[in-house]
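This report refers to the structure that appears directly beneath it.
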Amino acid sequence: MKALQINNLSFKYRELDKLILEDLSFSIDRNEFVTIIAPSGTGKSTLFRLILGLLEPSKGSINIENENNKNVIGYMPQKDCLMPWRNILDNTSVGLELNGYSKRKAREVAQGYFESFNLQGTEKIYPHELSGGMRQRASFLRAIVSNPSLLLLDEPFSSLDALTRRKMQEWLLDLCEKEKNTVFMITHDIEEALLLSDRILICTQLPYKNLKSINVNIKRPRTYETTLTSEFIELKRSILNILDSLEENKGGKIE
Amino acid sequence: MKKFKNIIFPLVFVLIILLSWEVLIPYFQVPDYILPRFSKILVALWEQKEILYKHSLTTLGEALLGLSISVVIGIVCAFSIYSWKNVEKTLYPMIIFSQTIPIIALSPIMIMWFGYSIWSKVAVVILFCFFPIVVSTLDGLNSVDKDLEDVLKALGGSRTQIFIKLHMRSVLPNFLSGFKIAATYSVAGASIGEWLGADKGLGIYVKRVAGMLQSDAVFAGVLVLSFLGLLLFSIGIILEKSLLKYRKEIKESNYEIKKI
């Protein structure tokens, strides 16, 4: 079974006339890192909200591999969305708490992740006292701590400055290479997508209908050096071409 | 040293005002029944201390009881308005409407309904206090971070769990702002209630001594009233300090961690 299987999914908001998604089908394999690139404001986040079950599809189905019936999805939103009144340890363990762990046990489990997330020493500290990169890592830890079968990352590093973003991308690359996770990420940073993913989906048509799938066959382990190799640049160029042709088709404007 | 700097300016300012009060009244020959010297007010405060104490207990009791009931009513109203669309449509306009009526004009009705017992004063206090609590709590509920709510839902949280862990927590700063406003109103409400008919309480005390043109005693009563308001207000401050600890300023030592 696929980690995520989407069949003929259509969606439109009740208040709006136009479809956001139309007859969309794609799937993600287990342990695959897939990125979706699309112009902003076109409904990527809607797609995520559908997968999360926060919205009901108008048509079609979404199937998520489901081993133990609960906490199957880890979600990391654009903002870090940490609770200002909880310290970092309690913020990261909240997912376990919601799933019936005792406070003590939840803290214990979350604590085990702190070192590999480079967050040791921040357990008792409140979010506003941390830097953006650390908050983002804490948010990621919260998503991953209940061991989800699918991780959704919604432009996870877009709010960070360029330097921190680079560091975070390297760190995520490292993490994903060590522990195989199934990840579905939204981004509009092509380099980020190429660096991290096994496969890239590009929206070529609006409303979302057919996604162009591009395999990123760059061997792992990758580092930031990889972004300078010719095959990386070649792939980047071809993606840029696809995006450019998309814009030309619509008269330079995507609505 | 820094603490000293913080209090020196307000202290000097208040001293200047009190001193000029003390000096200017005899200078301009203002009669006592218009405005007594500040020292006379202090003397009255000292001489009447037992009576004032007795009356202030009554007023404080009314204010506290009314405030507590307002908190309960306010929270229940805000949560039901937030949770059910129909309640919002029905109740919210009525609550707004209730505030367009001058409460002072309503107060005699409270006396007619509840008589001269403590409950007529408590009712006036509630009329004053529940509105700021409803509005601030509701604002807090409406500004709960929707993305955070989504995150918790995605993590598998049920509606009740999310309500307890997210809504009830993030509403606290707003609720406490409303509570602080209500706390100062409560004393005003209690004394207005007493004016309309009571045998005990600072409101009736002030009215009585004003009738006898004992303006130093009036001011002494007003001073005690404002002290009661301050006392109730400080409950809000204490609650804020203990419940919103996380808002404390960033400590020096944590700056190092921020750099990682």
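Axis angle, to the nearest 10 degrees, between helix A:230-249 and the longest C-alpha principal axis of chain A: 60 degrees. For segment B:3-18, backbone phi angles converted through the Karplus equation (6.51, -1.76, 1.60; θ = phi - 60°) give residue-by-residue couplings of 5, 4, 4, 5, 9, 5, 5, x, 5, 4, 4, 5, 4, 4, 4, 5 Hz, Gly and Pro being listed as x.
The label point for B:Arg208 and the one for B:Glu88, both projected 7 Å from the Cα toward the Cβ, are 5.1 nm apart.
Grab the other residues whose beta carbon is less than 12 angstrom from that of A:Ile28, score K and R as +1, D and E as -1, and report the net.
Net local charge, A:Ile28 excluded: -1.
A straight Cα-to-Cα reach below 19 Å connects B:Lys207 with the aspartates and glutamates B:Asp32, B:Glu47, B:Glu50, B:Glu62, B:Glu194, B:Asp199, B:Asp216, residues fewer than 8 places away in its own chain not being considered. Electrostatic tally near A:Lys105: other residues with Cβ closer than 15 Å to its Cβ, Lys and Arg +1, Asp and Glu -1, net 0. Three principal axis extents describe the C-alpha atoms of chain A; from largest down they are 55, 44, 34 Å. In this structure, the amide hydrogen of A:Ala3, modeled 1.01 Å from its nitrogen in the peptide plane, lies closer than 5 angstrom to those of A:Ile28, A:Asp29, A:Arg30, counting only residues at least 5 positions away or on a different chain. In sequence order, segment B:145-159 has phi-based couplings of 4, 5, 5, 5, 4, 4, 4, 5, 4, 4, 6, x, x, 7, 4 Hz under the Karplus curve 6.51 cos²θ - 1.76 cosθ + 1.60, θ = phi - 60°, and Gly or Pro positions carry x. FRET efficiency for A:Glu15 and B:Tyr116, Cβ-Cβ distance as r, R0 = 51 Å, nearest 0.05? Plugging the Cβ-Cβ distance into 1/(1 + (r/R0)^6) gives 0.35. Per-residue ellipticity at 222 nm from helix content only, as computed over chain B with -39500 (n - 2.57) for each DSSP H run of at least four residues, stands at -27000 deg cm²/dmol.
3J(HN,Hα) couplings calculated from phi for segment B:172-178 with the Karplus curve 6.51 cos²θ - 1.76 cosθ + 1.60 (θ = phi - 60°) are, in sequence order, 4, x, 5, 4, 5, 4, x Hz; Gly and Pro show x. Please state, as a whole number in µm²/s, the translational diffusion coefficient that the Stokes-Einstein equation yields for the protein assembly as shown at 37 °C and 0.692 mPa s, with Rh defined as the Kirkwood radius across alpha carbon pairs. Answer, rounded: 118 µm²/s.
So how do A:Leu163, A:Leu141 line up by other beta-carbon neighbours within 10 Å, fewest first?
A:Leu163, A:Leu141
Normalised by the number of residues in chain B, the average gap of Cα pairs under 8 Å and 6 or more apart makes the relative contact order 26 percent.
Applying 0.36 nm per residue to the separation of B:Phe227 and B:Ile69 and subtracting their alpha-carbon distance, the gain on full extension is 54.7 nm.
Taking amide H as placed 1.01 Å from N in the peptide plane, A:Lys59 has its amide H under 5 Å from the amide H of A:Ser10, each at least 5 places away in sequence or on another chain. Arranged from fewest to most other beta-carbon atoms within 10 Å of their beta carbon, A:Met134, B:Met212 become B:Met212, A:Met134.
Find the relative contact order for segment A:1-116 and round it to a whole percent, using C-alpha pairs within less than 8 Å whose residues are 6+ positions apart.
Relative contact order of segment A:1-116: 24 percent.
Of all aspartates and glutamates in the structure, the ones whose alpha carbon falls short of 19 Å from that of A:Lys79, not counting any fewer than 8 places away in one chain, are A:Asp90, A:Glu129, A:Asp154, A:Glu155, A:Asp161, A:Asp189, A:Glu192, B:Asp145, B:Asp147, B:Glu149, B:Asp150.
If I take R0 = 25 Å and measure r between the Cβ atoms of B:Phe9 and B:Ser143 in this structure, what FRET efficiency does the formula 1/(1 + (r/R0)^6) give, to the nearest 0.05?
It comes to 0.10.
For the listed residue pairs B:Lys85/B:Lys245; A:Lys178/B:Lys153; B:Lys121/B:Lys165; B:Lys5/B:Lys180; B:Lys54/B:Lys165; A:Lys12/A:Lys219, the alpha carbons are over 32 angstrom apart in B:Lys85/B:Lys245; B:Lys121/B:Lys165; B:Lys54/B:Lys165; A:Lys12/A:Lys219. Each Cα pair under 8 Å and six or more residues apart adds its sequence gap; the mean of these over the residue count of chain A is a relative contact order of 25 percent. Averaging 1/r over each pair of different alpha-carbon atoms in segment B:32-246 and inverting the result gives 19.0 Å, the Kirkwood hydrodynamic radius.
Read-outs throughout are calculated quantities, based only on the coordinates presented, and are distinct from any laboratory measurement. Quantities reported herein were computed from a predicted structural model and do not represent experimental measurements. A quick note on method: Cβ atoms are made from the backbone with ideal geometry, for glycine too, and the neighbour counts reach across all protein chains shown.
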